[in-house]
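The values are calculated or read from the model by the stated rules, or taken from the named source; none is laboratory data. Predicted, not measured: the structure shown is a model, and the values here were computed from it. Every residue, glycine as well, gets a Cβ built from its backbone with ideal geometry; the counts of neighbours run over all protein chains shown. To get the accessible areas, we keep the full protein, side chains included, count just its heavy atoms, and leave off ligands, DNA and RNA. Shrake-Rupley method; radii C 1.70, N 1.55, O 1.52, S 1.80 Å.
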Amino acid sequence: MHFTNNKTLFTLIGIALCVTASATPVDEVLVIDEELEMTTRVQAVEGHPISEIYSGWHYRTPETRALEADSFANPGMLGVEQGEEIWHTVEGSEGKSCASCHDDAAVSMKGVGANYPKWDEKTQRPKNIEAQINSCRVENMGAEPYKFDKGGQKPLTAYIKNQSLGMPVELDLSEGEMQSWWEKGKETYYLRTGQLNLSCASCHEQNHGKHIRADHLSQGNVNGFPTYRLKQNKLISLHNRFRGCIRDTRAEFPDAFSDVLMGLEVYTTWRGTGLSVETPAVRQ
Amino acid sequence: MEIRFLSCAVFVCSAAYFTFAQADTAPGDVEINAISIDKPLTDVAGDPANGKKIFINRKQGNCLACHANSDMKDQLFHGEVGPSLDGAGTRWQEDHLRTILVNAKAVFGDQTVMPGFYSLEVGADVRKDLIGKTILQAQDIEDLVAYLSTLK
């Protein structure tokens, strides 16, 4: 059965009524420990649907923003310290720690977290930091791979990314098949899911800057992960966040590190190109 | 714009038919005429007081997540994703409000982010226990229509 409606008229009414108070990202600068100025807003890369990119930091309350600006107050730094311990801990049949091969992370890991995910020739898929850690554990240390969010996965990822604090996020999409994973991720980003029928774009592209009940919607950038979430009092991994947002649309959510979520990680990381790595960011 | 909403909804609905109370119009049988649903979905008149509760309740309408509403100033945190609903009962007739609630896409177009509260036209990968189910029940829609009509 077909029917026609008078859509334009009502869309116009809708638009006219939409001009209500709308909170925007705050106009502030994030400087960590009064010395490291972060890039938290940046002109978008070509092909991005939004012209100016903001870190989620701009959408948080003054108290939360202050926590991130002070690395002693930032509760996520405890996780980073834990990661440093793990870095030096020998595990597995080969009697090695991360440091056995990579020495001082401040030198060897500087910049690494800013350029992941990267193409992995061996598995023919993109690998994120978590996947790289697991392949080192299995192949070089003779240790068990970490299960999702378990063992040292979150602290070690946070420690490695923290070595790139302040450096701009940039992916090399020309490696291997990164471009096709980007495409897949883009499809996921715009796919409406669940009983509520919403996509990532419904909230983070069409409505960033607005409140959804008590939450101030950001652009959903990923430059601060793992982030410390005050609500949950712990470090939250990126794939956990993805799953939470998808679950909130009342949909079944994909496995962590599945093809769907790896594509989404590639695509959302690209969307935040140029933002500083903020790990561990502090969020509500 | 043409919307092929009814035909596919009817198809999906046949399986779920028996989960809806006999007297209510099942989601797939709702007749939308342009933007009007002039026939109430149930035989019981809408209860505005209950509609107000559904509006607030996060597990039901959770309308406040997206819409501000001066009639409930005591509630913290009004959303901004949709327009304020102050005066909605003046701007819209009941039959149009009913359509907005049943399936907002029929009024605002496919791009709207407002969910269809009595529609089986839903997103991908719906949570297993919610397949074939609508967000609200027919009587909830009638209660909400009655409530919104009081917002003058």
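Looking only at region B:50-70, residues that are more than 8 Å from chain A (Cβ to nearest Cβ) and either open to solvent by less than 70 Å² (accessible area, probe 1.4 Å) or in contact with a Gly (Cβ under 8 Å, 6 or more places away or on another chain) (or both) come to 13 in all.
Checking each residue in region A:84-132 for being surrounded by 15 or more Cβ atoms within 10 Å (Cβ to Cβ) and of a type in the set (S, T, Y) picks out A:S97, A:S108, A:Y116. Of the residues making up region A:207-239, those that are outside any strand (DSSP E or B), surrounded by fewer than 19 Cβ atoms within 10 Å (Cβ to Cβ) and away from chain B (no Cβ under 14 Å) are A:L230, A:K231, A:Q232, A:N233. Checking each residue in region A:246-260 for being away from chain B (no Cβ under 13 Å) and either within 16 Å of the chain's Cα centre (by Cα) or open to solvent by less than 30 Å² (accessible area, probe 1.4 Å) (or both) picks out A:A256, A:F257. A count restricted to region A:19-39 and to residues that are at pLDDT 95 or above and either over 17 Å from A:L275 (Cα atoms) or of a type in the set (S, T, N, Q) (or both) stands at 4. Selection of region A:98-122 for residues being over 23 Å from A:G274 (Cα atoms), assigned to a loop (DSSP other than H, G, I, E, B) and touching a residue at least 24 places away in the same chain (Cβ under 8 Å) yields only A:E121. Could you tell me whether A:G185 is in contact (Cβ under 8 Å) with a residue 40 or more places away in the chain and not in a helix (DSSP H, G or I)? In short, no.
Tell me, which residue of region A:133-153 that is among the basic types (K, R) and in a loop (DSSP other than H, G, I, E, B) is least open to solvent (accessible area, probe 1.4 Å)? Selected residue: A:K150.
Somewhere in region A:9-18, is a residue farther than 30 Å from B:R91 by Cβ and either away from chain B (no Cβ under 14 Å) or at pLDDT below 95 (or both)?
Taking every residue of region A:9-18 in turn, none turns out to be farther than 30 Å from B:R91 by Cβ and either away from chain B (no Cβ under 14 Å) or at pLDDT below 95 (or both).
The numbered conditions (1) among the hydrophobic types (A, V, I, L, M, F, W, C); (2) at pLDDT 95 or above; (3) surrounded by 16 or more Cβ atoms within 10 Å (Cβ to Cβ) are all true for B:A45 except (3). In summary, A:T157 fulfils each of the numbered conditions (1) in a loop (DSSP other than H, G, I, E, B); (2) within 18 Å of the chain's Cα centre (by Cα); (3) buried (at least 17 other Cβ atoms within 10 Å of the Cβ) with the single exception of condition (1).
Checked against the criteria, B:D86 does not count as part of a helix (DSSP H, G or I) and either open to solvent by less than 10 Å² (accessible area, probe 1.4 Å) or acidic (D, E) (or both). Is one or more of the residues making up region B:74-94 touching a Pro at 6+ places or on another chain (Cβ under 7 Å) and over 30 Å from A:D255 (Cβ atoms)? Looking for residues that are touching a Pro at 6+ places or on another chain (Cβ under 7 Å) and over 30 Å from A:D255 (Cβ atoms), one finds none in region B:74-94, hence no.
Residue by residue, here is whether (1) within 8 Å of chain A (Cβ to nearest Cβ); (2) over 22 Å from A:E205 (Cβ atoms); (3) modelled with pLDDT of 95 or more; (4) open to solvent by less than 30 Å² (accessible area, probe 1.4 Å) holds:
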| site | (1), (2), (3), (4) |
| --- | --- |
| B:T90 | no, yes, yes, no |
| B:Q93 | no, yes, yes, no |
| B:L101 | no, yes, yes, yes |
| B:K105 | no, no, yes, yes |
| B:M114 | no, no, yes, no |
| B:V122 | yes, no, yes, no |
| B:D143 | no, yes, yes, yes |
| B:Y147 | no, yes, yes, yes |
| B:T150 | no, yes, yes, no |
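Identify all residues within region A:68-125 that are within 30 Å of A:K184 (Cβ to Cβ) and aliphatic (A, V, I, L, M); write none if there are none. Within region A:68-125, A:M109, A:V112, A:A114 meet the criteria. Selection of region A:70-83 for residues being among the aliphatic types (A, V, I, L, M) and either open to solvent by less than 20 Å² (accessible area, probe 1.4 Å) or not in a helix (DSSP H, G or I) (or both) yields A:A73, A:V80.
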